[in-house]
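Right, one structure below, let's go through it.
No value in this document is a laboratory result; all are computed from the given coordinates. Keep in mind that what you see is a predicted model, and the values were worked out from it rather than measured. We place every Cβ from the backbone using ideal geometry, glycine too, and count neighbours over all the protein chains shown.
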Amino acid sequence: MLIIEVTNAREVLRREIGRLGERFIGKVSDAEAQVEKTLINEMENAFQEFGIEARIISVKGPRLDGRDSLQFPLHVREERDVTLDEN
């Protein structure tokens, strides 16, 4: 199992939407959710290319606490099953 924590979501979104959009981050958009959705799409494409079937779940809540523990209040934002087409 892999756990990926995006630690610079606001900066990534800032780069993508520019200075004007920067004012709206947090008001009309959840930066972390937007970056995770884009990342899920890219991972889905890569997994299919390599023949990997997977379940990718975007959740709000878990936080890494140092290197030894993970806090787990959990809210599922998005879930996607990656399957291979039978061609």
>> Taking loop as defined by DSSP and a crowding limit of 14 other beta carbons within 10 Å, which trypsin sites (Lys or Arg not before Pro) in segment 27-87 fit?
In response: 27, 67
> Measuring from the lowest to the highest alpha carbon on each principal axis, how far does the chain reach, largest first, in angstroms?
Replying inline: 46, 34, 20
